[in-house]
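Bear in mind that the values in this text are calculations on the coordinates, not laboratory data. Since we're looking at a predicted model, the values are computed, not measured. Virtual Cβ from ideal backbone geometry, glycine too; neighbours counted across all protein chains shown.
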């Protein structure tokens, strides 16, 4: 069973001997302890980290512990604060409790007195956090997953599944073609989970070379490689208590896969250049447009990591397999585009809706967004008619989708011929805007440039 994260405690006291005593005693109790000698050092630490409990002396040079208490409460009201002092008085006790301290201890104190106060403070914080999350879930009423638009049975089933999966802490693998909304599902799972109060951090595993991806995920220590001029916190640490979303997981190298497997199995990571592992409390959600099961079977992806990621599997079908969702999605896109510009949302004509429903949408929702943004600029009046849609959408029909080449079986073209024709068609449809064409084709821009060079394609203006 995975180890629970250690509660974090910050000890603030101007007496070095007291700081060292509490550090040693609380560390032996299994707490993660940091210390600060004054208000300035404490606020600096608190600006970059969150703590379950802060134990602070009231009497300190320059700025008192009561002022620190006020600062903590203004930033994070859920942090439990215990005040200690050698100068006990009714007024100081009342003042500390009035400002939000959960307990007040006088020096000299018994060790068990401190241990009991901390346990009570942590339990109180846990109950407050659970109550806050429960209230937030009630307030949301499932609205987070409702951002994923769709009226088809498959989408309704996915939404129901997300609501069941979200409260667990298990890994989730989301598959589907580019542009189907895998990131929306990942964020919905996080926001409907008990981790919603912590961050969800996303990274595209295919966007960085291996050594940079390793540093981004796990962090590094100063001097671990050229350019590592200081310690760097990785995304596993930054997402502590929350969710880490790994997009395009199939592109991760074998070395990265090994470290991800360790993070999942042992809840530990080791920064680049370090030999000291440390505990992480993160839920992993991964996504890919590749056949990860096939890659695992063919030894192109670690099979053990695949099974660890694939505890829950959600597959999002492409738009062409659920055309009843196209018009509701299109309407939602138009509303968002109108909200962005402050204009009134335009409606789609009946003919335009029919054409949208019959288009294959190779780029899925992302391509649909591009088409509608273009149509919105071209449309006159309050409605978007068929004439505002691109030529490829106007010419596409259900029948041509079923038999796109309309040729005899004896004269079937090669896959290379079909690929060349399709790439050229997309380039022409986008006025040779290569970044947009690559996005619709679902390939990298560099891959598109290689295909153009391979097939000797030229824009008409260049011919």
* To do: Rounded to the nearest 0.05, what FRET efficiency do residue 320 and residue 17 give with R0 = 60 Å and r taken as the Cβ-Cβ distance? Could you check?
  => 0.25
* Taking Cα extents along the principal axes in Å as the quantity of interest, determine which of (1) 95, 49, 41; (2) 69, 55, 40; (3) 149, 53, 50 was computed from the displayed structure. => (1)
* How long are the semi-axes of the ellipsoid equivalent to the stretch 197-329, from square roots of 5 times the Cα gyration tensor eigenvalues, in whole Å, largest first? -> 30, 17, 14
* Ranked from highest to lowest mean number of other Cβ atoms within 10 Å per residue, what is the order of the peptides 321-333, 443-455? -> 321-333, 443-455
* Extent of the stretch 8-135 along each principal axis, from alpha carbon coordinates, in Å, largest to smallest? -> 41, 31, 29
* Taking only DSSP H segments of four or more residues, each worth -39500 (n - 2.57), what value at 222 nm results for the chain once the sum is divided by all its residues, to the nearest 500 deg cm²/dmol? -> -14500 deg cm²/dmol
* Structure fact -> Computed over the chain: longest principal axis from alpha-carbon atoms vs helix 326-341 long axis, angle to nearest 10 degrees, is 60 degrees
* Projected area of the stretch 21-78, taken from the Cα convex hull and averaged over every viewing direction, in nm²? -> 4.1 nm²
* **Cα long-axis angle, helix 153-165 against the chain (0 to 90 degrees, to the nearest 10)** => 10 degrees
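Can you compute the FRET efficiency between residue 86 and residue 128 using 1/(1 + (r/R0)^6), with r the Cβ-Cβ distance and R0 = 30 Å? Round to the nearest 0.05. Working shown, then result.
Numbers: r = 30 Å, r/R0 = 1.00.
Efficiency computed from Cβ-Cβ geometry: 0.50.
For a quick protection proxy, order the peptides 72-78, 279-285, 242-248 by their average other-Cβ count within 10 Å, most packed first.
Highest to lowest by the protection proxy: 242-248, 279-285, 72-78.
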* **Projected-area average for the stretch 318-404 over all orientations - Cα convex hull basis, square nanometres** => 5.2 nm²
* Calculate the spin-label point distance for residue 160 paired with residue 351, positioning each point 7 Å from the Cα along the beta-carbon direction, and give it in nanometres. => 4.0 nm
* To do: Would you mind calculating the gained length between residue 444 and residue 311 on full extension (0.36 nm times residue separation, minus the Cα-Cα distance), in nm to one decimal?
  => 44.9 nm
* **Residues in the stretch 297-316 reached by a label modelled at residue 170 [backbone nitrogen below 12 Å; 7 Å Cα→Cβ]** => 308-314
* How long is the gain from residue 237 to residue 344 if the chain were fully straight, where each residue apart is worth 0.36 nm and the alpha carbon distance is subtracted? -> 34.2 nm
* Structure fact -> To the nearest 0.05, the calculated FRET efficiency linking residue 47 and residue 416 through their beta-carbon distance, R0 being 56 Å, is 0.45
* Label 7 Å along Cα→Cβ of residue 59; the stretch 92-122 residues with amide nitrogen under 15 Å? -> 92-93, 105-109
* Angle, helix 39-48 long axis vs. longest principal axis of the chain, Cα atoms, 0 to 90°, nearest 10? -> 20 degrees
